[in-house]
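The structure appears below as structure tokens.
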């Protein structure tokens, strides 16, 4: 029975990861994402962005979406986006519905894009990646933070 539960859990995670497709998924329920992260001992990467942010589009289309598409993030980290100037409420880690901008404020994401790396309780694992200073180094900075977040959960 335990093996069947583990297999079902892995299938659900694989389905969730394949549902990413080529697009960055929107975070609507951080509590649900936290549950998945806890089940599979994965960190969370939440991108806080704004709807008309050119730098956000660069991070989304040049870094995160290709990493999702090519499977670079599979079984390493769960990824989602919160658009802070959007109107759709987001369930936080405690189950409370919040405005996306309020969540951004809680995670000091006042510059877009800001990538936060969290554990299943919503606590920061590594320093956030704020803005995009140089396209030459952004990919390696992102990879380093993903690796550090992973190592925090797998010492």
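What follows draws every value from the coordinates through simple rules; no lab data is involved. In this text the structure is predicted, and so the values were computed from the model without any measurement. Methodologically, a virtual Cβ is constructed for each residue, glycine included, from the backbone with ideal geometry; neighbour enumeration extends over all protein chains shown.
Number of residues in the stretch 128-143 that are surrounded by fewer than 11 Cβ atoms within 10 Å (Cβ to Cβ) and touching a residue at least 12 places away in the same chain (Cβ under 8 Å): the value is 0.
Can you name every residue in the stretch 76-89 that is closer than 28 Å to residue 151 by Cβ and either buried (at least 18 other Cβ atoms within 10 Å of the Cβ) or free of Cβ contacts under 8 Å to residues at least 40 places away in the same chain (or both)?
Pass one, the stretch 76-89, residues closer than 28 Å to residue 151 by Cβ: 76-82.
Listed by number, the residues that qualify are 77, 78, 79, 80, 81, 82.
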